[in-house]
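The values are calculated or read from the model by the stated rules, or taken from the named source; none is laboratory data. Since this is a predicted model, take the numbers as computed values, not measurements. So basically every Cβ, Gly included, is an ideal-geometry build from the backbone, and we count neighbours across all protein chains shown. Calculation scope for accessible area: heavy atoms of the full protein, side chains included, ligands and nucleic acids excluded. Shrake-Rupley method; radii C 1.70, N 1.55, O 1.52, S 1.80 Å.
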Amino acid sequence: MIVAGRDGSKGRAAVAQICLLAPTAAVRFEKLDLANLTSVADFAACIAALKYPVDLLVNNAGMLTTGARRLTPNGFEMQMGANYLGHFALTGRLLPLLQRSRKRGSCK
């Protein structure tokens, strides 16, 4: 399992908590900033280099209104970039690995 996020110290703390609860879990932290499409591309390349399929992707990140208008490093409005465009870009880049997963199921 890979825990991804912008903040390395929070990510490593989450990994440590998971390891306390599930000592045999294979889990690690990787840096990912969904508001930065370069970070998304770098993260996806790192995952692809592992040569494993991705069985599950949980896109669970977002930000509330930022007050003053802010832009992502790529020039998009921050909330739109972090909450939507980054998730879309990450899913698109990981889609070939998701399609290779052996754990295909169905929702009923």
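Considering the chain as a Gaussian network with a 10 Å cut-off on Cα pairs, which listed residue, ALA25, ALA45, ALA89, attains the greatest mean-square fluctuation?
ALA25
Scattering from the C-alpha atoms of the range 1-95 alone, worked out with Debye: what is log10 I(q)/I(0) at q = 0.17, 0.20, 0.26 1/Å?
Debye curve over Cα of the range 1-95, log10 I(q)/I(0) at q = 0.17, 0.20, 0.26 Å⁻¹: -0.78, -1.02, -1.38.
In a Gaussian network model over the chain where Cα atoms closer than 10 Å are linked, find which of LEU32, LEU56, LEU95 has the largest mean-square fluctuation.
The residue with the greatest mean-square fluctuation here is LEU56.
Please determine, in degrees from 0 to 90 and to the nearest 10, the orientation of helix 37-49 with respect to the longest principal axis defined by the Cα atoms of the chain, where the helix direction is its Cα long axis.
The helix 37-49 is inclined about 10 degrees to the chain.
Kindly report the accessible area of the range 24-95 per residue (heavy atoms of protein chains, probe 1.4 Å, no ligands, DNA or RNA), in Å².
About 63 Å² of surface per residue is accessible.
For the pair MET63 and ARG28, what calculated FRET efficiency results from E = 1/(1 + (r/R0)^6), where r is the Cβ-Cβ distance and R0 = 30 Å, to the nearest 0.05?
0.80
So which trypsin sites (Lys or Arg not before Pro) in the range 1-99 pass both tests, a DSSP loop state and at most 10 other Cβ atoms within 10 Å of the Cβ?
On the way: sites: ARG6, LYS10, ARG12, ARG28, LYS31, LYS51, ARG69, ARG70, ARG93; in loops: ARG6, LYS51, ARG69, ARG70.
Here the trypsin sites (Lys or Arg not before Pro) that fit, given the DSSP loop and packing criteria, are LYS51, ARG69.
Using modelled amide H (1.01 Å from N, peptide plane; none on Pro or chain starts), what sits under 5 Å from the amide H of GLU30, excluding residues fewer than 5 places away?
VAL3, ALA4, GLY5
Is there a quick way to get the dipole size of the chain? I mean about its Cα centre, with the Cβ of Lys and Arg at +1 and of Asp and Glu at -1; what is the value in debye to the nearest 20?
Details: 14 positive and 6 negative charges, 70 e Å.
That gives the chain a dipole magnitude of about 340 debye.
What do the square roots of 5 times the Cα gyration tensor eigenvalues come to for the range 42-84, in whole Å, largest first, as semi-axes of the equivalent ellipsoid?
In descending order, the three semi-axes are 28, 13, 6 Å.
Springs between alpha-carbon atoms under 10 Å, Gaussian network over the chain: tell me which of ALA13, ALA68, ALA48 tops the mean-square fluctuations.
For the chain, modelled as a Gaussian network with Cα springs under 10 Å, the answer is ALA68.
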